[in-house]
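Take a look at the structure below.
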Amino acid sequence: MLPYIPGQRWISDAENDLGLGTILTCDMRSVTVLFPAPGETRVYSTKSAPLTRVAFGAGDQVESHEGWLLTVSEVEEQQGLLTYIGLHSDGRLAELPESHLSNHIRFQKAKDRLLTGQIDRNDWFNLRYQTLLNAGQQATAPIQGLSGARMALIPHQLYIANTVASRYAPRVLLADEVGLGKTVEAGLILHQQLLSGRAERVLIVVPESLQNQWLVEMLRRFNLQFSLYDYERAAQYPGQNAFEQAQLIICSLELLTDHPELHQQAVAAQWDMLVVDEAHHLEWSETAPSAAYQCIEALAAETGGLLLLTATPEQLGKSSHFARLRLLDPERYNDFAQFEQEEQQYQPIAEALEALDQDTLSAKQTKAISALLPETDAQALLALLQQSDADEAQKLSARSQLQSQLLDRHGTGRVLFRNTRDTVKGFKARQLHRHALEVPEVYEVAFSVPELATQLTPEQYEYQNDWCDHDPRFHWLLDHLEQNKGDKTLLICHSATSAMALSEALKVDTGIHAPAFHEGLSILERDRAAAWFADHEAGPPVLICSEIGSEGRNFQFARHLVLFDLPANPDLLEQRIGRLDRIGQQHDIQIHVPYFEGTGQQVLLDWYDQGLAAFTAPCPAASALFAEFGDLLKSQISSADIDALQGLMQATTERREVLNAAMHAGRDRLLERNACRPYEAQQLVAAIAEQDQPEPLQNWLESALDMFGVNIDETSSSSWHLTPGEHMMNSDLPGLDDEEGFSMTTQRPVALVREDLQFFTWEHPFVRALQDQIIAGGLGNNAVSLFKTKALPEGTLLLEVLASIRCSAPKHLHIGRYLPPTTLRFLLDVRGNDLGAKVSFESLSPKLSKLKRAIARDVVKLRQEQIRSLVDKAEELANDHLPTVVEAAQLKMQSLLYPELERIKALKEVNPSIREIEVRALELEYLAVAQAIENARVYIEGIRVIVTN
Ligand SMILES: Nc1ncnc2c1ncn2[C@@H]1O[C@H](COP(=O)(O)OP(=O)(O)OP(=O)(O)O)[C@@H](O)[C@H]1O
């Protein structure tokens, strides 16, 4: 016979927060249990389910799901299901089938274990108390989800992640300039969403060539273990939806566009978040949207959260850019013409924002801001700024609030975040080296063709295998490598055939094995080539890439970039330079362009160099200038008309200055403001730096690892190696399933340079698992101690009781933000007086010593009645706190959610970028949170019996 019957009530031994569960189904292999309070389902193996049957007996008081109480006098069983019969709280006789029991019933595990003689160590009890306090602190920390990543604390990234992550189902375009850390920002947002329970299922769609880089980056920086889906992997699940077989998946855009059946499965697989990297590939026009665009459009329509990443949002034209904004927010971005018009109106808002940066506002500025923000709350803040006696901190906060309101109510920035090198600072300089070469005879025919594409890659015209021998650019390359021995050079050229030929010729001429990195290699081969190049000691001095090397890859350890040919689009030029010009670059970047004088190559080089000034810094107006002058430029490629060429350069330069100035005055300033507000960003950095202090975590870890029987070897002053001890507790601690164990550090600077070490923070999966197991399991929930004191007569009994107030709620409500696990401590004397306020935990616990277990058991046995009644007293006292805690939680929820709801409704009137779904979701969340808080209950977490001597 099966041990579980549908309808029976059981509790989880491993996760007692889940409340009472109901058996849904059971067969020989598995049992499925629904826990209605948090709305979660668990499937366990029938043989080893960590479940305990809930069966009350005569005398017990039980609560119905309607809230009334029954004092049980009889229990009836029919086909394995129990019905309790007894006295209703209103005095009449009543029946309560077990299916009608409250889902929130709690169990006195601590009392049961103590009274049945399962007595724990004193230090375990101490650890439990510390763990409960820590859990409360972490749940309330505003930086939850941001502190656990292996990354330097870069303000703009933390700011974006924090802003975006706190939104309901965030849908944004992360458009920082190349190499400023969009992948890291996306990872932080995902980490925060996953940790807080707001997301559980995530799909990341990237160009094929970047799949592994994402996989590695998510794991090493965020401890997020994604599954990589290629065709073979997806084909492993015939007859099933392959995308439902894992929660976190990375796949290539090509996989979805080339295999419609897999695309359909992905669309049907219900994601919480979709991330699309290099989103500029999603080309769109009204008449011919690309397959890639349509593929993502279908996924985006079915997914709550959407992150699009691109450094060059306008690379394929403004209409494609607009179409991507529409993916994010179809209600807001429905009219391209109106969108273009709006872009012209940002200057007054940008000016108001800047005025608020100053200590004082002129009357004119105040009037302008007042006109932009007529709402009452803004007027009060403006009035405060006029008061000469107002405190500086208040004024600073008022200015920051007004800036937020301006951006919220008028900006475009809600969906678009863009940081630039100008605002982020600290990047190395870029230096251009032009290497003019004479056209060799073999290329004369190619250069007579008046086409830019042909002139940029003359070796491709009437292709000869030995073209390198005759190409002066190759000979220049040999010289360059000779002169820069010991440095790393990244070479990018347009095509795979050129890359392969260069690699081969280098090998033949110099013996240098320079890997060619191109689309003809498998993903694994490409990653190997990139990893070999990165090897400082043994790797080759140069990597030769076709255009696919110019996107997304991290090559900032190289200091020379050779543009063997120039790309025909300025955004692609910026992408190429961005391989070296990115966070982590230690040297000024040397950009080398070997080119043939008097050809289209020179015209394009001059145009990029003089017209766009695109080599020394990114050119914000590049896309617009290319759209405006691109055709003229191509038509002049073979022109010998020097005046016409100079005219083109001059016209481009002038237009660039105008466009850049206009963008700087309007759009860019708004975008930059929205992308990072320095004051708030610095506060985040400071809060995380504070949390980074290694001592509290290390001290806690030492005790916790000792309790679980994990060995610690100190391998250096900043690192430990952990291995399973001989008597390690049977637990699911990640990374300790084999004897080898792993090494870790709690220090961020060390973790940034030592990738072989795990970076332990309070958010690391191992630390969380340890913490969860301590809280959810019973270990340390009781102790019996001796208190040597002259202040009290020998044999006096004291009871130290830990109680917590918690509620079960679906994870996505993030209930801990409002009602963090609250721990109360009582120290009761035999008369039930609470001495806890007078005698702190910290002062008492060092004075306690252990009692032999047999003696401890005798003490418990002898004092059983007193202990029972004191535990009841402590529970009563804790229950007295319940209304206050619940009220504080409701107030906190109101103070956090209500203004957000009101703000979003008000914003919706002035700024159509707010989606209706966000308002509705917030309203529902508000109600659900209020309901969950009402269901908060007291749990006895620990009991320590103390006898004096
Ligand atoms: N906070 C950080 N700490 C340490 N390294 C970082 C941090 N942010 C980014 N990096 C590193 O800087 C490089 C660029 O970051 P990332 O790849 O996220 O930029 P990106 O904006 O996505 O680049 P691209 O525009 O080329 O796609 C990467 O090597 C990344 O690991």
Name the pairs: first residue in segment 542-563 and closer than 19 Å to VAL184 by Cα, second residue small (Gly, Ala, Ser) and more than 9 Å from the ligand (Cβ to nearest atom), Cβ to Cβ under 7 Å, at least 6 apart or on different chains? ARG553/ALA530; PHE557/ALA534
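Considering only residues that are crowded, with 19+ Cβ neighbours inside 10 Å and away from the ligand (no atom under 16 Å from the Cβ), which ones fall in segment 268-299? Steps first, please.
Here is the first cut: in segment 268-299, the ones crowded, with 19+ Cβ neighbours inside 10 Å are 269, 271-280, 282, 284, 292-293, 295-296, 299.
ALA269, TRP271, ASP272, MET273, LEU274, TRP284, ALA292, TYR293, CYS295, ILE296, LEU299, listed by residue number.
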Looking for something within 16 Å of the ligand (Cβ to nearest atom) and among the acidic types (Asp, Glu) - is there at least one such residue anywhere in segment 303-317? yes
Those residues of segment 423-439 which are touching a residue at least 24 places away in the same chain (Cβ under 8 Å) and either outside any loop (DSSP other than H, G, I, E, B) or small (Gly, Ala, Ser) (or both) amount to THR423, VAL424, ALA429, ARG430, GLN431, LEU432, HIS433, ARG434, HIS435, ALA436, LEU437
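Taking the conditions exactly as written (among the acidic types (Asp, Glu), within 21 Å of LEU813 (Cβ to Cβ) and in a helix (DSSP H, G or I)), does GLU875 satisfy them or not?
On the way: among the acidic types (Asp, Glu): yes; within 21 Å of LEU813 (Cβ to Cβ): no; in a helix (DSSP H, G or I): yes.
So GLU875 does not fit the description; no.
Of these, LEU253, LEU306, which one is out of contact with any Lys or Arg (no Cβ under 7 Å at 6 or more places or on another chain) and assigned by TED's automatic domain parsing to the domain that holds SER196? Give the derivation first.
Values: LEU306 fails: out of contact with any Lys or Arg (no Cβ under 7 Å at 6 or more places or on another chain).
Just a single option satisfies the conditions, and that option is LEU253.
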Give me a count of the residues in segment 24-41 that are surrounded by 19 or more Cβ atoms within 10 Å (Cβ to Cβ) and touching a strand residue (DSSP E or B) at 6+ places or on another chain (Cβ under 6 Å). 3
From the residues in segment 46-80 that are in contact (Cβ under 8 Å) with a residue 40 or more places away in the chain, within 45 Å of the chain's Cα centre (by Cα) and surrounded by fewer than 16 Cβ atoms within 10 Å (Cβ to Cβ), which one is farthest from ALA776 (Cα to Cα)? THR46
So, in segment 572-590, how many residues would count as being of a type in the set (D, E, K, R), surrounded by 19 or more Cβ atoms within 10 Å (Cβ to Cβ) and either in a loop (DSSP other than H, G, I, E, B) or away from the ligand (no atom under 15 Å from the Cβ) (or both)? 3
Right, LEU524: more than 19 Å from LEU605 (Cβ to Cβ) and touching a strand residue (DSSP E or B) at 6+ places or on another chain (Cβ under 7 Å) or not? no
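The values are calculated or read from the model by the stated rules, or taken from the named source; none is laboratory data. None of these values were measured; they are calculated from a predicted model. Cβ sites come from the backbone with ideal geometry, for glycine too, and all protein chains shown count toward neighbours.
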